[in-house]
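Read-outs: derived from the displayed coordinates by stated rules, not from any lab. Computed from a predicted model, the values in this text were never measured in an experiment. All Cβ positions, glycine included, derive from the backbone under ideal geometry; neighbour counts span all protein chains shown.
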Amino acid sequence: MKLITKPNLLKDTFLTLQSNYKQYYWTTAWAGVGSEPFDQLNLYSKRIKQIVVGLHFYQTHPDFIARFLSHEGVRFIKQPAGTFHPKLFLFYNSYDDWALLTGSNNFTLEAFSRNTEVAVLVESTDSGSGPILKQALSFIEDQWTAATTFGADELADYREMWKKQTRNIQSLSGQYGNKSKQSPRPAFQVAVMTMSWAEFIKKVRTEHAHPMVERLSVIELASSLFQKVNSFKDLNPDERKFIAGLPNNIPGGLDWGYFGSMKGFGVFAKEVGQNNDFISKALDEIPLSGQITKSHYDGFMQTFLQTFQNASKNIENPIASATRLLAMKRPDVFVCFDSKNRVQLCNHFGIKQADVTIESYWDIIVARIMDSEWWVNPKPANRQEQKVSEARAAFLDALYYEPKS
């Protein structure tokens, strides 16, 4: 009998058991892909006798389901009365030659790599282990009877729900699409995310570089420009430049540089001046009202990147120009991420500047914004605050803008 507390040892033990035993009887709350034990399960799939996998909280990867969709030895617990949570892995050759691994770990990549898990290995040679085999087989048989197969149509629907719930789980865990080795701060330790609306609006009002009234005027003009046309390309050159954060000749003297000046980005200025159709098509992916989803953003991002496909130099991460446009069209959701605010914004959200790219912006920035108290529960006290609340994501720039000396 052994106690296993290290993920690498757990993985190695699992791989050894998979190799040494000819029959698998398992119950696991969740199953994933990408691990060495998963690869070995593919290799030894004929050894599967009864594997029962739970789907609660949409933690089981749809690719695992797809791989074993037609396997007669794999069934799923779709919706238990409570939470289906067992982790019992029986490896069997004969009544006198078997091993049982049970503990906290599921059959997932994380369990075999970075999770903190503990498991107990019981073998047929251990003293007093005889009754355990009978109990384990009986338990697995009961779960097998309760479980069902999966249909192809069900899998397509499950995959869509899994995508949505995965983002929720990442938010709850504080990951937000984090791919760096440095662990992010949990949300409850991030002051900007727990900040109340009263605290937020106070900070907006006390910004000295760009007074709130002037900022609101920029937002209102940008909104009116988008509302009067069907698409960005239908605006005149100066109107397009205003929205893009570029020098222009629109009368009224409004500072077009509020919420992100793109004056120094000559390649972008050229494309805006030439009315590059990809800029307009990208912005068309973002509705002027209603809910904004990651799918909307992905459509925008993939199209916007084509703006620079014929540029004389490679533009790897045009996040500032992209988010300037987004902040002007939907300031309730997007903040321009540029050289004037990125240092403090990243510091206060507890993220690394290098991790924020045009590809990761939604997961790392927008998802955190949408989980922030001031964003979820704005409580404007008057009409002016109501206008700020309708552009509250863009107004993060007021909190973290740093004038360059």
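In table form, for the structure just shown:
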item: Ranked F278, F150, criterion: other C-beta atoms within 10 Å, fewest first; result: F278, F150
item: Residue among E154, E239, E199 with the largest mean-square fluctuation in a Gaussian network model of the chain, springs linking Cα atoms under 10 Å; result: E154
item: Gain in span if fully extended, S129 to D277, counting 0.36 nm per residue against the direct Cα distance; result: 46.1 nm
item: Cα-based Kirkwood hydrodynamic radius, the stretch 2-172, one decimal, Å; result: 16.3 Å
item: Segments 155-165, 317-327 sorted - mean Cβ within 10 Å per residue, highest first; result: 317-327, 155-165
item: Anisotropy class of the stretch 213-363 from Cα gyration tensor, a/c 1.5 cut; result: rounded
item: GNM result for the chain, Cα springs below 10 Å: residue of A209, A394, A244 fluctuating most strongly; result: A209
item: Computed magnitude of the charge dipole of the chain (debye, nearest 20; Cβ of K, R +1, Cβ of D, E -1); result: 640 debye
item: Förster-model FRET efficiency, 30 Å R0, T148 and D96, C-beta, rounded to 0.05; result: 0.35
item: Amide proton proximity set for I250, modelled H, under 5 Å, gap of 5+; result: none
item: Normalised contact order of the stretch 2-172, rounded percent, pairs of Cα under 8 Å and 6 or more residues apart; result: 30 percent
item: Packing-based order for 283-290, 294-301, using average beta carbon neighbours within 10 Å, highest first; result: 294-301, 283-290
item: Packing-based ranking, highest mean first, of 91-101, 30-40 given that Cβ atoms within 10 Å are counted; result: 30-40, 91-101
item: Which listed pairs, of K281/K387; K241/K329; K164/K203, have C-alpha distances above 22 Å, in listed order; result: K281/K387; K164/K203
item: The stretch 325-333 - phi-based ³J(HN,Hα) in whole Hz, Karplus 6.51/-1.76/1.60, Gly and Pro as x; result: 4, 5, 5, 7, 7, 9, x, 6, 10
item: Residues whose placed amide H lies under 5 Å from that of W26, excluding near-sequence neighbours; result: Q50, I51, V52, L90
item: All aspartates and glutamates inside 18 Å of K313 as judged from Cα atoms, apart from same-chain residues fewer than 8 positions distant; result: E271
item: Which of K6, K387 has the fewest Cβ neighbours within 10 Å, and the rest in rising order; result: K6, K387
item: Per-selection Rg to Rh, the chain - Cα, Kirkwood hydrodynamic radius; result: 1.11
item: Extension gain (nm, one decimal) between Q386 and M161, 0.36 nm per residue minus Cα-Cα; result: 77.6 nm
item: Taking the chain and dividing mean pair separation by its residue count, relative contact order in percent (alpha carbons under 8 Å, at least six apart); result: 14 percent
